[in-house]
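For reference, the structure discussed in these notes is given below.
Values quoted throughout were computed directly from the atomic coordinates according to the rules given, and no laboratory measurement underlies them. What you see is a predicted model, and the numbers here were worked out from it, not measured in a lab. So basically every Cβ, Gly included, is an ideal-geometry build from the backbone, and we count neighbours across all protein chains shown.
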Amino acid sequence: VKIRSKDNSWSDWKTIILSGVTNPDITASGFYVSSSRKVKENIEPTKVSGEDMINSVNVVDFNYIDDESKSPKVGFIAEDTDPLFSTRERRAMDSANCIGILMKAVQELSTKVKNLTSELETLTSKVEGGK
């Protein structure tokens, strides 16, 4: 794996980590996380409430200390999030878990919207029928 650091030089990722570059820019045509049933065990539907998890996250504005341009970012503080959102060391976010929790929250919200839409249609029908 080759990574271009802030000085635009290309290095092996191990070299960058060992040389103290903490936030290298990494660009690729795609990033893939293993998701095949073949690499997983103990598979069961999550009991986590996506909505509750999403609402527990403090979303912050920030910039990286070593970013000379001080470009604004929006994100999270790993130490301040539920351990499901971050890596074991709580120094970085676990993107795969974040996406899974986001998808669960969208599913929950989609179900609520369908239920509320159905309830609204029922109430509208009753009101219009009573005229």
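Residues of the range 33-54 with amide nitrogen under 13 Å from the 7 Å Cα-to-Cβ point of SER95?
33-34
Quick query: amide H of SER86 versus all other amide H atoms, modeled in the peptide plane; which residues come in under 5 Å with a sequence gap of 5 or more or a different chain?
ASP94
Give a residue-ordered list of calculated ³J(HN,Hα) values for the range 71-83 (Karplus: 6.51 cos²θ - 1.76 cosθ + 1.60, θ = phi - 60°; whole Hz; x for Gly, Pro).
5, x, 10, 10, x, 9, 10, 3, 5, 9, 9, 4, x
Take the Cβ-Cβ distance between ILE65 and LEU123 as r, set R0 to 41 Å, and report the resulting FRET efficiency rounded to the nearest 0.05. Intermediate values should be presented prior to the final figure.
Numbers: r = 54 Å, r/R0 = 1.32.
After rounding, the FRET efficiency stands at 0.15.
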